[in-house]
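All of the numbers you see were taken from the coordinates with simple rules; none came from a lab. These numbers come from a predicted model, not from an experiment. With ideal geometry, Cβ positions are generated from the backbone for all residues, glycine too; neighbour counts draw on all protein chains shown.
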Amino acid sequence: MSDATSFVIVGGGLAAAKAAGQLVDDGFDGTITIVSGEAELPYERPPLSKGYLTGDSEFDAALVHDEQFYDQHIDLRRGVRATSLDVDGRTLALDDGTELPYDALLLATGATPRSLDVPGGEKTVTLRTKQDADALRASLRPEARVVVVGGGWIGLEVAAAARGSDADVTLLEASSVPLSGVMGETVGQVFASLHERNGVTVRTGVTVERVTDDGVVVDGETIPADVVVAGVGVTPDVALAESAGLAVDDGILVDASLRTSAADVYAAGDVASCFYPRYEQHVRVEHWANALNQGQAAARSMAGQTVRYDRLPYFYTDQYDLGMEYVGWLPPARLGEARVEIRGDVEALAFRAYWLLPEERGWRAAAAMHVNMWDDGADALKAVVDSRETVDLDSLR
């Protein structure tokens with residue numbers, strides 16, 4: 001695609017913006033168009049549940065590039081949505097009636113928050129966009145009654161932000177501990193205890209029956225709420241790809257070069273189910289680092305470079321006095337097989353955890369995390385997980 005003159009990127013998040021930046025850095029001198037349904041400049045989403053939600057940082061700090069960058073290099077269409085994709089005719093139709101021809105196209109359409117599927121679920125708020133964060137931020141005030149449904153990453157970060165505003169917070173989780181589906185009981189309990197120590201009422205093993213104007217009904221009891229936040233996961237936004245006939249299975253299927261099943265159409269970020277050579281299967285990763293790195297890799301692939309995306313997944317969170325980095329990927333179906341080894345002081349929130357899977361020759365590290373162990377941070381963990389060799393348990397530190 002070295003002779004391409006027109007690249008189109010659909011999406012207004014980190015993957016889209018980093019792809020555009022990579023094309024500019026690599027000297028592409030054709031037309032780069034970004035189609036974003038949001039009114040803002042493309043931005044990173046993690047601050048929406050962290051610094052921007054708490055008021056500790058301004059929104060401009062989340063912008064990937066400033067306005068001058070787009071003015072100089074990019075045809076940025078804000079507040080416009082793609083309605084259909086013609087892969088045979090190589091055109092993208094927009095809701096303002098225009099059609100964009102392309103030589104190569106990147107789908108970075110991200111994901112959509114799941115709604116709470118109970119009566120009154122429409123009364124809840126979700127957190128995905130700046131508009132969502134602004135509405136929620138206005139609700140986080142001293143003594144406001146905030147109920148968070150879902151003990152995943154977004155739910156926990158929103159609960160921490162709400163407590164930072166001196167709100168009265170209740171966290172509801174259907175499982176026995178938060179994060180049980182990704183980290184298991186032992187580490188999940190660390191996060192439950194963290195939130196309890198910081199004043200959150202954590203209720204696990206509960207079933208939300210409905211949401212009313214007064215609050216949330218749980219197992220026949222109404223928990224009063226001024227605002228109810230649904231943090232029950234996201235679904236990849238594959239509508240455009242699916243209608244165009246692209247291969248879809250829990251995301252847009254792409255190979256290790258980020259190519260979809262259609263010629264000269266690529267996908268990256270939360271929406272992409274990428275074939276990882278290291279795992280020999282498709283994996284969809286919903287985290288910040290994946291959007292950043294896949295966006296850049298997709299741009300290089302679009303421009304005709306040889307790309308083999310196989311980076312270790314990486315994730316981080318900040319909650320109260322806990323800072324964490326996590327590397328690797330543990331297949332959810334194998335979580336029950338995993339042996340969890342912890343080194344350090346859990347009570348002092350200074351430790352490392354390793355998820356080890358059994359192999360014929362011993363144990364192999366599938367994932368690892370550290371909490372507040374910043375001397376060598378994630379680098380030491382990457383070395384263990386990336387080795388793909390069996391682990392000497394006595395050598396773990």
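Computed from Cα atoms, the angle from the helix 14-25 axis to the main principal axis of the chain rounds to 40 degrees.
Which residues does the label zone of residue 387 cover in region 313-357, counting backbone N under 16 Å from a point 7 Å along Cα→Cβ? Residues passing the 16 Å test: 328, 341-343, 353-357.
Distance between the 7 Å Cα→Cβ label points at residue 256 and residue 281: 1.8 nm. Taking the number of Cβ atoms within 10 Å of each Cβ as an exposure proxy, the fewest-first ranking of 373, 302 is 373, 302.
Convex hull over the alpha-carbon atoms of the chain: what's its volume per residue in Å³? Write down the numbers at each step before the final one.
On the way: hull volume 57.8 nm³, N = 397.
Convex hull of Cα atoms, per residue: 145 Å³.
Cβ-to-Cβ counts within 10 Å put 171, 349 in ascending order as 349, 171, the fewest first. Listed by chain and number, the lysines placed with their C-alpha closer than 27 angstrom to that of residue 123 are 50; residues fewer than eight positions away on the same chain are left out.
With both labels modelled 7 Å from their Cα along Cα-to-Cβ, the residue 310 to residue 66 distance reads 4.0 nm.
Sort 363, 355, 153 so that the residue with the fewest other Cβ atoms within 10 Å of its own Cβ comes first and the one with the most comes last. Please report the intermediate quantities before stating the final value.
Numbers: 363 19, 355 27, 153 22.
In increasing order of surrounding Cβ atoms, one gets 363, 153, 355.
Rounded to 0.05, the FRET efficiency of the residue 198 and residue 131 pair, given R0 = 22 Å and the Cβ-Cβ distance, is 0.20. For the chain, the longest principal axis of the Cα atoms and the long axis of helix 130-139 meet at an angle of about 30 degrees.
Using only DSSP helix segments of four residues or longer, with each worth -39500 (n - 2.57), what per-residue ellipticity at 222 nm results for the chain after dividing by its residue count and rounding to 500?
On the way: 9 runs with 93 residues, N = 397.
Helix contribution divided over all residues of the chain: -7000 deg cm²/dmol.
Along the axis of the charge dipole computed for the chain (Cβ charges of +1 for Lys and Arg, -1 for Asp and Glu, origin at the Cα centre), the listed residues 63, 239, 324 are led at the positive end by 324.
Give, in nm to one decimal, the length gained when the segment between residue 337 and residue 88 is fully stretched (0.36 nm per residue of separation minus the Cα-Cα distance). Numbers along the way, then the final one.
Working: separation 249, 0.36 × 249 = 89.64 nm, distance 4.57 nm.
Here the answer is 85.1 nm.
Between residue 122 and residue 394, what length in nm is gained on full extension when 0.36 nm per residue of separation is reduced by their alpha carbon distance?
Values: separation 272, 0.36 × 272 = 97.92 nm, distance 5.14 nm.
Between residue 122 and residue 394, full extension yields an extra 92.8 nm.
Against the chain, whose longest principal axis is taken from its Cα atoms, helix 153-164 shows a tilt of about 60°. Approximating the spin labels as points 7 Å out from Cα along Cα→Cβ, the residue 141-to-residue 375 distance works out to 4.7 nm.
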